[in-house]
Ligand SMILES: [Zn+2]
């Protein structure tokens with residue numbers, strides 16, 4: 001169920017939940033009136049029967065009827081959508097109100113001045129009283145957030161309505177034929193979920209260089225709905241990636257302080273000090289990189305890095321948390337960025353089209369620091385990536401294996417982790433089974 005929660009300054013309940021009640025009541029009164037009409041006024045005209053009803057009503061009224069008198073049906077909200085070039089004056093004009101009303105609400109309502117910033121496509125609702133004056137102004141800020149300004153005498157009281165979307169669990173499986181991105185797309189996954197998948201496994205899999213044809217992944221993720229309609233994609237809850245026959249699984253886990261992260265079934269964090277491939281692989285059309293120069297030392301000298309061929313403009317990420325020690329241009333490197341990670345480690349990013357950081361900036365893992373280009377001595381757009389340990393060039397993957405593993409959950413936390421992820425583990429296992437059965441009955445050529 002979608003919930004409507006009045007948050008602050010709620011002086012009245014949201015108007016719609018009270019409607020069905022009132023309608024019931026009106027219906028009951030009508031039914032009762034008709035009964036009275038037939039019982040006591042057969043053959044009489046309507047004018048006479050009108051007198052009968054009000055007298056009889058209090059005595060025979062059903063017990064559920066509230067004691068307060070029936071309020072007059074409220075006026076209907078008039079909904080108006082903001083067009084490009086609109087201002088409050090035009091908006092109020094369309095609702096039958098004047099500039100005096102605009103001035104009044106902007107001046108008297110809490111945060112009334114924020115009303116003057118309009119966004120095309122945004123929806124407003126106007127409720128007028130019997131005299132045609134503004135009784136309430138509704139602003140739908142987002143599908144989840146609405147603010148109503150109720151007029152109270154000469155000022156306004158703000159009511160905030162916050163909704164929570166309904167989360168549904170979905171899953172997808174795919175076999176990689178050319179790239180993870182295309183496989184994900186074929187499985188019906190949006191780019192956000194594919195990217196998230198790359199982030200989850202980015203510390204253990206190089207998504208540009210590692211995938212092989214026939215690699216398989218399964219993913220359980222959330223989709224959020226409002227009023228039964230898709231609103232957006234939520235988090236990945238569980239995922240498995242089988243690369244070259246080796247299986248990696250990850251489960252989303254939220255600890256007691258509300259911090260969320262991804263952990264293996266054994267409770268080891270998927271987060272590593274460095275991402276293996278510091279590029280947005282979803283933009284790379286084939287994960288089987290034809291320009292693969294790997295392992296790095298077998299390439300032409302004095303080449304001392306890994307090349308990731310990718311379209312110009314592909315985002316380049318900081319491989320790990322650190323500080324930018326250089327960001328500039330040279331004839332050989334083109335636009336380049338150097339990041340220092342703690343005492344021992346340095347990463348370099350060359351031939352960038354654009355730099356997005358400056359010398360001295362602190363960066364976090366996965367932060368965009370620039371885009372792929374072909375500036376400097378480069379024949380085509382690619383990222384040239386170098387990894388240095390104490391100033392010496394090293395193969396990042398060899399070093400990677402020597403770096404400490406991700407943090408493990410404490411023994412005390414494991415029962416909570418297992419309880420939280422048990423359902424996902426079962427779901428992943430069931431998807432795996434289904435996929436297996438599917439592959440057996442319908443083998444791929
Ligand atoms: Zn290179």
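Descriptive notes on the structure:
- For 108, 348, order by how many other beta-carbon atoms lie within 10 Å, fewest first: 108, 348
- Extension gain (nm, one decimal) between residue 416 and residue 364, 0.36 nm per residue minus Cα-Cα: 15.8 nm
- A Förster distance of 45 Å, applied to the separation of the beta-carbon atoms of residue 192 and residue 389, puts the FRET efficiency at 0.85.
- Inter-label distance, nm, simple model (7 Å from Cα along the C-beta direction), residue 144/residue 90: 3.1 nm
- Going from the fewest other Cβ atoms within 10 Å to the most, the residues 151, 213 appear in the order 213, 151.
- Rg/Rh for region 78-164 (Cα atoms only, Rh after Kirkwood) is 0.93.
- For region 318-386, the fraction of C-alpha pairs farther apart than 15 angstrom is 44 percent.
- Between residue 437 and residue 399, the FRET efficiency from the beta-carbon distance, with R0 = 60 Å, is close to 0.90.
- Here region 141-192 yields Rg over Rh of 1.43, to two decimals, using C-alpha coordinates and the Kirkwood radius.
- Computed from the Kirkwood radius of its Cα pairs, the Stokes-Einstein diffusion coefficient for region 299-445 at 10 °C and 1.306 mPa s stands at 87 µm²/s.
- Förster-model FRET efficiency, 35 Å R0, residue 326 and residue 268, C-beta, rounded to 0.05: 0.55
No lab work stands behind these numbers, since they all come straight from the coordinates. Being a predicted model, the structure only gives us computed values, none of them experimental. So basically every Cβ, Gly included, is an ideal-geometry build from the backbone, and we count neighbours across all protein chains shown.
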